[in-house]
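Nothing in this text is a laboratory measurement; each read-out follows from the coordinates by a stated rule. Here the structure is a predicted model, which means the values were calculated and not measured. Note that we place each Cβ from the backbone using ideal geometry, even for glycine, and neighbour counts take in every protein chain shown.
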Amino acid sequence: MIIKYIIVAALALTIFSSCSEDNTSNTTTNPKVDQSKSIAEVATNAIQVGKDYHSFSNPESIKVTHLNLDLTVDFSKKMLIGTAHLDLQKVDQNATQLILDTRNLTINSVTAMGEKVDFGLANGDSFLGSALTIDVPAAADSVLISYQTSPKASGVQWLTPEQTAGKKHPFLFTQAQAIHARSFIPLQDSPQVRMTYEATIRTPKALLAVMSASNDPKSQRDGIYEFSMPQPIPSYLIALAVGDLHFKPMGERTGVYSEKGILDAAAAEFADTESMLIATEKAFGPYSWDRYDLLILPPSFPFGGMENPRLSFITPTVIAGDKSLVSLIAHELAHSWSGNTVTNATWRDLWLNEGFTTYLTYRIMQMVYGDERFEMESVLGRQDLQADIDSLPDKDQIMAIDLRGRDPDDVFSNIPYEKGALFLRELELKVGRENFDQFLLNYFEKFAFKSITTDQFISYLEQTLLKDHSDTLSMQRIEEWIFQPGIPEDAYVPESDAFIIVDQARDAWLEGTVQADEINSEKWVVHQWLYFLNNMPEKLSQEQLTDLDKVFALTKSKNNEIAHSWLLISVNNWYQPAFNRLHDYLTTIGRNKLVKPLYKALSQTPEGKIMAQKAFAEAKSGYHPLTVKANEVFVQ
Ligand SMILES: [Zn+2]
């Protein structure tokens, strides 16, 4: 989720983007590192390793192993109504109570072996929700819960026909990461509880339902859809979407679902998905999940992508027409190895999921698109990381973050993503790529379909890579990466030759020795444009902005990332000719990574705040609850 952020004020909730998101900016610094001997110990500060502080559930006593859902999708009431049948495994044979997570669910009844059983729903905690405690008879090995969701379920977005591309049918999608599954299914909503699932989803007949499970591209549109996920997954990977969806194959194992209007463009944009899959398998071992399809969501999807197994959910904002933003697909695909197969045991361990995935993303891009792309994306990622290092408090720059008492959505900054990836890059450089790849292959195999903690990873590292390469690796350095803020001194700094000419052009233009129309940018790719814009000084004159816009038509850019960078510059320098586009941008896109920095920048001045309020009021009904929550602080 991805998903990454800037904390605003002490209690700011910053929903990054779930899976693949980031902020952009520049600069460098190296924080002082505490040379304490037991870095891990100090940082851990009485955290109970492996304890999930974000779930009320009790898998240590009774564990849910399989879920069978039967849900009716009621668009008029904005509710999912039906039953969840949970298979149980008694870890403690004397256990008599099953504790589940819920948020804003109405529980109608609970039965076991055909008989009603007692249950209690606790008062709601603001972000953890309500514990549902069920008395389980000694002989029962399952329970059946009859329930319905609230129209305000935090993990479900209901779109009216007007909010879709086709304008004719409503649309629904879920987003469970980090702890939103509990808002649409009563379950043990912890990444360390893995379960298989089956589902029957009942929809209006004109619509198609898809899930993070076995989807049949040829399934008949009859309003009743059956799904099965035979591999055990954590709850945050359960996902459902319903809409006027159509399918187009891209390769033997890959295809795309979307509304009809963007189906061809999406299939063309993401045509390299099959090549990515083949390359990743070759380097990091077999793909475990059968098919790999993409679901392109309406523009209100709050994240870049979400790695729902077998069916990644993808923002349409990366359909640029030139495959320039497809690293997002590489990222979601990479999660099939890191995250979905080897999962973080708690949200504190998210860096094991996102750091590995971000590292693999760069590697996939290199395998499929070559060194130059790899280098450019590495530099841009490093700059995103620096922006967060510069703006986040020290405690939020720690990879194994202490999230006790906090909303786990707070963990989605660039720290678990880019800092995690940079750490792994350092390991790779110190032991050699071949050795590191072998380590990764073994790691993915050893921990397949398990949820592991940072400490388990460290002890595995100690027994393997560290043991074999004690000449180049040290535990002190590794712990510094994982448990200290900032970036360790002398960390690897990615470079790209393709950016040298961009720096030269920007410098010459800023000095006034060349005009914008004299910049030789004909062959620049999107990454070079992003680098050109993201490294501009904070203040530019109106003449300079007019010059750039006139020559490069930046206000009209169809690339959503370039437009984002330009609009941010425009807000920071009050460049009014871009403001109509800014309003359109904010009211048609709900991807938090793209809109949040703009709202934040606007909120810095009274005039800007008025513009932000106007756009937010207009856009709010179409934004996902997470995007609303992340941005309302800027318009109050
Ligand atoms: Zn991710």
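Here are some notes:
- One quarter of the surface of the convex hull around the alpha-carbon atoms of the stretch 200-342 equals 8.1 nm², the direction-averaged projected area.
- The separation of the stretch 365-379 from the stretch 41-101, counted between C-alpha centres, amounts to 40 Å.
- Positive dipole terminus of the chain, leading residue within 177, 391, 621 (C-beta point charges): 621
- When the Cα positions of 57, 151, 196 are compared along the charge dipole of the chain, 151 comes out farthest toward the positive end, with charges on each C-beta of Lys, Arg, Asp and Glu.
- Geometric extent, Cα atoms of the stretch 162-202 - Rg, Dmax (angstrom): 14.2, 40
- Pairwise Cα inverse-distance average, inverted: Kirkwood Rh of the chain (Å): 25.1
- Hydrodynamic radius of the stretch 511-626 per Kirkwood, over alpha carbon pairs, in Å: 14.9
- J(HN,Hα) series, the stretch 394-399, from Karplus relation 6.51 cos²θ - 1.76 cosθ + 1.60, nearest Hz, glycine and proline x: 3, 5, 8, 9, 8, 4
- Packing order of peptides 282-290, 377-385, highest average first: 377-385, 282-290 (average count of other Cβ atoms within 10 Å over each peptide's residues).
- Value of [θ]222 nm, deg cm²/dmol, for the chain, DSSP H segments ≥ 4, -39500 (n - 2.57) each, nearest 500: -10500 deg cm²/dmol
- Charged-residue dipole, Cβ positions (Lys, Arg, Asp, Glu), the stretch 346-435 about Cα centre, Debye nearest 20: 280
- Taken about its Cα centre, the chain carries a charge dipole of about 1820 debye when Lys and Arg each add +1 at the Cβ and Asp and Glu each add -1 at the Cβ.
- In sequence order, the stretch 332-340 has phi-based couplings of 5, 5, 4, 4, 4, 9, 9, x, 7 Hz under the Karplus curve 6.51 cos²θ - 1.76 cosθ + 1.60, θ = phi - 60°, and Gly or Pro positions carry x.
- Separation of alpha-carbon centers, the stretch 551-609 and the stretch 230-304, rounded to whole Å: 29
- Summing charges over neighbours of residue 291, with a neighbour being any other residue whose Cβ is under 12 Å away from its Cβ, gives -3 when K and R count +1 and D and E count -1.
- Amide H contacts of residue 288 (H built 1.01 Å from N, under 5 Å, at least 5 apart or other chain): none
- Amide H contacts of residue 65 (H built 1.01 Å from N, in plane; Pro and chain starts excluded): 87, 88, 89 sit under 5 Å, all sequence-distant by 5 or more or on other chains.
- Rounded if a/c under 1.5, otherwise prolate or oblate - the stretch 346-482, Cα gyration tensor axes: oblate
- Net charge, residue 244 excluded, C-beta distance under 13 Å - Lys, Arg +1, Asp, Glu -1: +4
- Label point distance in nm, residue 91-residue 522, each placed 7 Å from Cα along Cα→Cβ: 6.5
- For the chain, share of DSSP beta bridges that run antiparallel, in % to the nearest 5: 75
- 92, 74 arranged by Cβ crowding within 10 Å, fewest neighbours leading: 92, 74
- Estimated vicinal HN-Hα couplings, Hz - the stretch 94-99 in sequence order (Karplus 6.51, -1.76, 1.60; Gly, Pro = x): 8, 5, 10, 10, 9, 10
- The stretch 234-337, relative contact order in percent, only Cα pairs under 8 angstrom and at least six apart counted: 25
- Cα gyration tensor category, rounded, prolate or oblate, for the stretch 440-542 with a/c compared to 1.5: prolate
- Rounded if a/c under 1.5, otherwise prolate or oblate - the stretch 308-398, Cα gyration tensor axes: oblate
- Ranked 324, 76, criterion: other C-beta atoms within 10 Å, fewest first: 76, 324
- Stokes-Einstein translational diffusion, the stretch 222-277 - Kirkwood Rh over all Cα pairs, 1.567 mPa s, 4 °C, in µm²/s: 97
- With eigenvalues of the C-alpha gyration tensor scaled by 5 and rooted, the stretch 57-150, Å: 23, 16, 11
- Mean separation of Cα contacts under 8 Å, 6 or more apart, over the residue count of the stretch 56-198: relative contact order %: 31
- Each of 550, 78, 523 was scored by other Cβ atoms within 10 Å of its Cβ. Listed from fewest to most, they are 523, 550, 78.
- Order by protection proxy (mean Cβ within 10 Å, highest first), peptides 583-595, 341-353, 422-434: 341-353, 583-595, 422-434
- Under 5 Å between amide hydrogens, built in the peptide plane, is the criterion, and for residue 130 it picks out 102, 103, 104, 125 among residues at least 5 positions away or on other chains.
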